[in-house]
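Contents: one structure, followed by commentary.
The values are calculated or read from the model by the stated rules, or taken from the named source; none is laboratory data. Only a predicted model underlies this, so the values are computations on that prediction, with no experimental measurement involved. For neighbour counting, all protein chains shown are included, and Cβ atoms are generated from backbone atoms with ideal geometry for every residue, glycine included.
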């Protein structure tokens, strides 16, 4: 690594190389306390040309690498082993072009998600995907993970908003995928690249759609005495033909954690569940949707419904939801933010099952999630210093994933597989499908040097090859 | 050769639905996914070239494949989960048939691709071909949450899932949209659906093209949220002038308010169609794309719509043109030689506008390819991906231009 470090320093300048353990400590995790690993070396390029040069240099040395944005991914996806170079892209933070007439922005991968929306705001536009980490996470990271967020229910996830990419492949080839309008240029390689978790190459330039800021936004908070009633309200709203901008649920323990914290939003602490429903659009459309939604909430037994129409009131209602993870920090030393998806209609049964698993393993599970699309975040509170507890947490995690899969769901809705979920992949994909994913990866990265060891269990590739079928 | 293929298919797979295609080639219609896998595995082992087909009502047949494999036997709808707004559908089901079944469950698949209503779900996805509803509901790929693919060598792959949000593994599902079947036979889909709307209203205005384009832009900037906002050429809109058609879909009162806003946001004279008239109008607009042997699809930014239509009129003709005034997706149908298309593509490429040949006679398509020449570095990826999904290279899909055009 020492020789390589010098060559990399020649590209970016010595001050943008990190090789001492103390310097590398900040890159050891990505928000997931169960996975920590220190990279051999970290390099922080400042321009796309430097990124390309670095990738070409690493190709010549046949050295593995991991691209990393802000490191908020929560799946152990942006971690590099000691034999790999971490390419940190946060300095590539320029918005290269913002075209309000065409409603497009071209950005470098290190641009922070919320900053793009701020830059678009004066034109009445915003970038719709809004992960909870949006004040820190980067567009490049969002592309790698196909990130979601509360407002993806109506507006779609990252893949629905990325129209074109400039990427550098692991062998240093630079290519452009997609088109400014969004029509694919040939087969839809943008669809394939988004969500590939940094294993196909590095996006050096991202072209995204911007959408108008809605004229009217109204947020409702509804309290329920049972989780089942809240879940039925979720299904009822969707079945009525309304697609809310966001439809979020928090269970009682989550509400109480929020209310006990500095983020207290005035949520009713005696509720078993609260729903946050946000409607947006033209005022007359929102009026009509409000009529439908409040009708469903009342029919499903909401004990209390609050409405927020001003930006301040809405921010207050959202504060508890957006800061829920922070609030939980007060009640637990460590927290695993889980991520799974189930068919919306199975929410009551699955939430009951998660409660049973928590009781059986004697762990505390707090639920705060995107109910509208069935995207659960069962968060497990624990203390990593307690080995017996850690073992129970791991068993509970697996049992929760198995429950979600058995209900027809999947193991991740927006955080990605990374290294955290890799062992769960065979729960949802058969060997043929997993090995086809290996084949596709090999097209982009024949040597397997880009983010090695993530997403697809290696044995899936090996077993397939050993069978001699391909 | 044909007799030999038929005999080998029967010998290996037993009773298979075997007919002759119009070109005299054997055509097999597997009725299960496993059966389809058996056919393609055998074709790969024998080295037969294969053309994939749906109903055969949209694409034009190629004369060179040894065997035609049609999905019409894959015609079941294994699951409709209305509460979850998803359904599992086999590829050979027609869009019209699917929406008839879904309607009774209170849901629908908001697609209106060019061509007739008998187009199959698999064929629509393979061509990635959306119609005017793309504005409100996104491109075809946005409705796909999972699928079953049979590779050229007969492997059965099941990427994605049945839930609407899913980032587990690489996205091999959405990748299939617009791949023209070059990456395997699309056998079954998990589709994301919508609740039946309370109201579905269509308004038309007529006039000069540039006035309508500006009006369309005014509606978008004015915050109208139409499901479709489509500009149709005189021939396609069956009117002396160009037509701007607005389709509003959603809860009753909300749509009423939006329809009223239509008058305030433009100075055009709007005419509302009855339900029957609207259905006939959109149906006719879709069928219009069959009015010539070549159909092209282009994607331009909103401020480039007029210039792109000018280009089509100048290089081709002003016959059957449809343009999404809110999306920049353009479609042209007519007659064009391979040479004309190659020249046109050079110009659109300079403007960063991709030009996809959706359908064309076999010889034209072979010369120009669905996609033409790729940008630097992409050709190698496409070739590699075709190899991954079709190792023996039996699937006859002219994705690329012939080498001399590249």
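Brief remarks follow.
- Scanning the stretch A:395-420 for residues that are at the interface with chain B (Cβ under 7 Å from one of its Cβ atoms) and farther than 17 Å from residue A:374 by Cβ yields A:416, A:417.
- 1 or more residues within 14 Å of another protein chain (Cβ to nearest Cβ): qualifying helices (runs of 4 or more DSSP H) within the stretch A:269-376: A:283-299, A:347-361
- Where helices (runs of 4 or more DSSP H) sit wholly within the stretch B:50-149, those with at least 3 residues that are under 13 Å from the mean Cα position of the chain (by Cα), more than 12 Å from chain A (Cβ to nearest Cβ) and surrounded by 23 or more Cβ atoms within 10 Å (Cβ to Cβ) occupy B:121-127.
- Test: residue B:223 is at pLDDT 95 or above, part of a loop (DSSP other than H, G, I, E, B) and within 11 Å of chain A (Cβ to nearest Cβ): no
- Which listed residue, of A:165, A:189, is facing chain B (nearest Cβ under 8 Å) and within 17 Å of residue B:377 (Cβ to Cβ): A:189
- Among the residues of the stretch B:253-269, none qualifies, meaning not one is closer than 30 Å to residue B:60 by Cβ and either free of Cβ contacts under 8 Å to residues at least 12 places away in the same chain or within 14 Å of another protein chain (Cβ to nearest Cβ) (or both).
- Scanning the stretch B:331-349 for residues that are closer than 19 Å to residue B:285 by Cα and in contact (Cβ under 8 Å) with a residue 40 or more places away in the chain turns up B:331, B:333, B:334, B:335.
- Checking every residue in the stretch A:427-444 against the condition of being surrounded by fewer than 24 Cβ atoms within 10 Å (Cβ to Cβ), facing chain B (nearest Cβ under 10 Å), on the phi > 0 side of the Ramachandran plot and touching a residue at least 12 places away in the same chain (Cβ under 8 Å) gives zero matches.
- Residues located in the stretch A:1-22, provided they are surrounded by 12 or more Cβ atoms within 10 Å (Cβ to Cβ) and more than 19 Å from residue A:59 (Cβ to Cβ): A:13, A:16, A:18, A:19
- Residues (surrounded by fewer than 24 Cβ atoms within 10 Å (Cβ to Cβ) and modelled with pLDDT of 90 or more) located in the stretch A:224-235: A:225, A:226, A:227, A:228, A:229, A:232
- A single member of A:317, A:247, A:297 is at pLDDT below 95 and closer than 22 Å to residue A:373 by Cα, and it is A:317.
- Members of the stretch B:238-252 that are buried (at least 19 other Cβ atoms within 10 Å of the Cβ), touching a strand residue (DSSP E or B) at 6+ places or on another chain (Cβ under 6 Å) and free of Cβ contacts under 8 Å to residues at least 40 places away in the same chain: B:243
- Matching entry among B:299, B:393, B:362 (being under 20 Å from the mean Cα position of the chain (by Cα) and surrounded by fewer than 24 Cβ atoms within 10 Å (Cβ to Cβ)): B:362
- Failed criterion for residue A:150 (all others in (1) at the interface with chain B (Cβ under 7 Å from one of its Cβ atoms); (2) at pLDDT below 95 hold): (1)
- Residue within the stretch A:303-314 that is surrounded by fewer than 23 Cβ atoms within 10 Å (Cβ to Cβ) and touching a helix residue (DSSP H, G or I) at 6+ places or on another chain (Cβ under 6 Å) present: yes
- Flag for residue B:235 being in contact with a helix residue (DSSP H, G or I) (Cβ under 8 Å, 6 or more places away or on another chain), free of Cβ contacts under 8 Å to residues at least 40 places away in the same chain and surrounded by fewer than 17 Cβ atoms within 10 Å (Cβ to Cβ): no
- From the list B:356, B:340, B:333, the lone residue that is within 14 Å of another protein chain (Cβ to nearest Cβ), under 27 Å from residue B:308 (Cβ atoms) and either outside any loop (DSSP other than H, G, I, E, B) or in contact with a helix residue (DSSP H, G or I) (Cβ under 8 Å, 6 or more places away or on another chain) (or both) is B:356.
- Matching residues in the stretch B:361-392 - criterion: being more than 10 Å from chain A (Cβ to nearest Cβ) and in contact with a helix residue (DSSP H, G or I) (Cβ under 7 Å, 6 or more places away or on another chain): B:364, B:367, B:368, B:392
- Checking the stretch A:222-239 against the condition returns no match, with no residue being more than 13 Å from chain B (Cβ to nearest Cβ), over 30 Å from residue A:99 (Cα atoms) and within 24 Å of the chain's Cα centre (by Cα).
- Search result, residues across the stretch A:193-217 that are in a strand (DSSP E or B) and under 25 Å from the mean Cα position of the chain (by Cα): A:202, A:203, A:204, A:205, A:206, A:207, A:208, A:209, A:211, A:212, A:217
- All positions within the stretch A:126-148 that are within 21 Å of residue B:137 (Cβ to Cβ) and either in contact with a strand residue (DSSP E or B) (Cβ under 8 Å, 6 or more places away or on another chain) or assigned to a helix (DSSP H, G or I) (or both): A:126, A:127, A:128, A:148
- For the stretch B:307-330, a residue qualifies if it is within 14 Å of chain A (Cβ to nearest Cβ), in contact with a strand residue (DSSP E or B) (Cβ under 8 Å, 6 or more places away or on another chain), at negative phi and without any contact (Cβ under 8 Å) to a residue 60 or more places away in the chain, and the qualifying residues are B:308, B:330.
- Of all residues making up the stretch B:1-49, the number that are in contact (Cβ under 8 Å) with a residue 60 or more places away in the chain, crowded, with 19+ Cβ neighbours inside 10 Å and more than 20 Å from residue B:155 (Cα to Cα): 1
- Qualifying position, being away from every other protein chain (no Cβ under 14 Å), in contact with a strand residue (DSSP E or B) (Cβ under 9 Å, 6 or more places away or on another chain), over 15 Å from residue A:202 (Cα atoms) and surrounded by fewer than 18 Cβ atoms within 10 Å (Cβ to Cβ), among A:41, A:32, A:116, A:96: A:96
- Residue within the stretch B:296-306 that is within 14 Å of another protein chain (Cβ to nearest Cβ) and part of a loop (DSSP other than H, G, I, E, B) present: yes
- Subset tally (residues that are surrounded by fewer than 23 Cβ atoms within 10 Å (Cβ to Cβ) and either part of a loop (DSSP other than H, G, I, E, B) or in contact with a strand residue (DSSP E or B) (Cβ under 7 Å, 6 or more places away or on another chain) (or both)) for the stretch A:55-71: 4
- Selection count, the stretch A:78-102, where residues are part of a strand (DSSP E or B) and farther than 18 Å from residue A:127 by Cα: 4
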